[in-house]
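Beneath this line is the structure, given in structure tokens, with notes to follow.
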Amino acid sequence: ITVESLCVRPLSIHELAPISTLFFIITFPKWYSLIFFLFRFIKPNPSAPLWFGEKEVFFDDLAIEHLHQIGPSCVPTTLSMIANAFGQKISIQDMKAMINTQAPETWSKALESCGLKLAYCNIDQRPLEYYIEELKELNDLFFLSFYSHPLPAEPDDNGKLCTAHIVTMYQDSIIDTAMKQGVFEADKYPRSHLRTKRIFRVVPIDHERGL
């Protein structure tokens, strides 16, 4: 017996192919069952709650005094209104200097002196009215941002998609700074048919969630 005869010669690709094919044919029913299971029972989640985590209320006794904005200033007016409710007298003009209206991180930063910050909620572009009941159940303080007009399919020549607006929802009320009489029962808010852009929850500054 030679040493060479004891060595196992690696199979060539031409020899290995028929063996692999036979293995696949024999085991195909099991592979098919596994693939069927994966596609049949493991599906993407169709939806998500607005807020993951324990149901807790951070702010249960706020007195928010409605402010009426002058011109297109819903973001600084809303932030100033909330700062006032937490005892921080920050004027709308001062708030304008602190933020970029297109950068929510700056909004959150502006609320830090109040011991607050913002956290994103899980949303899509359904009309705002689809979220009202769930927001009422959470029974807390939120900022609701929505597109001010029916959403176009494409941006305009300047890259702008659509103007947007932001309002405050506290418990079961919506406070809109664009209107002189701007406090509504959430169920009766006249612009809730418009499509959602973002929803933020106002949380304590030491909360684990944030922007």
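Within the range 133-152, the set of residues being under 17 Å from Pro49 (Cβ atoms), open to solvent by 10 Å² or more (accessible area, probe 1.4 Å) and not in a loop (DSSP other than H, G, I, E, B) comprises Glu133, Glu134, Lys136, Glu137, Leu138.
Taking the conditions (1) closer than 22 Å to Lys180 by Cβ; (2) open to solvent by 30 Å² or more (accessible area, probe 1.4 Å) in turn, Leu79 satisfies each one other than (2). Considering the range 89-114, and only residues there that are in contact (Cβ under 8 Å) with a residue 40 or more places away in the chain and among the charged types (D, E, K, R), the residue that is farthest from Glu65 (Cα to Cα) turns out to be Glu105. Is the range 86-96 home to any residue that is open to solvent by 50 Å² or more (accessible area, probe 1.4 Å), under 16 Å from Pro204 (Cβ atoms) and of a type in the set (Phe, Trp, Tyr)? Yes, the range 86-96 contains a residue that is open to solvent by 50 Å² or more (accessible area, probe 1.4 Å), under 16 Å from Pro204 (Cβ atoms) and of a type in the set (Phe, Trp, Tyr). Residue check: is Met179 out of contact with any strand residue (DSSP E or B) (no Cβ under 9 Å at 6 or more places or on another chain) and surrounded by 14 or more Cβ atoms within 10 Å (Cβ to Cβ)? Yes: the conditions hold for Met179. Scanning the range 88-124 for residues that are within 20 Å of Met169 (Cα to Cα), outside any helix (DSSP H, G or I) and in contact with a Phe, Trp or Tyr (Cβ under 8 Å, 6 or more places away or on another chain) yields Gly115, Leu116, Leu118, Ala119, Tyr120, Cys121, Asn122, Ile123.
Flag set for Glu105, criterion: open to solvent by 70 Å² or more (accessible area, probe 1.4 Å), within 25 Å of Pro204 (Cβ to Cβ) and modelled with pLDDT of 95 or more.
The values are calculated or read from the model by the stated rules, or taken from the named source; none is laboratory data. Please read these numbers as outputs of a predicted model, since none were measured by experiment. In this analysis, Cβ positions are derived from the backbone assuming ideal geometry, glycine residues included, and neighbour counts consider all displayed protein chains. For accessibility, only protein heavy atoms count, side chains too; no ligands or nucleic acids. Shrake-Rupley method; radii C 1.70, N 1.55, O 1.52, S 1.80 Å.
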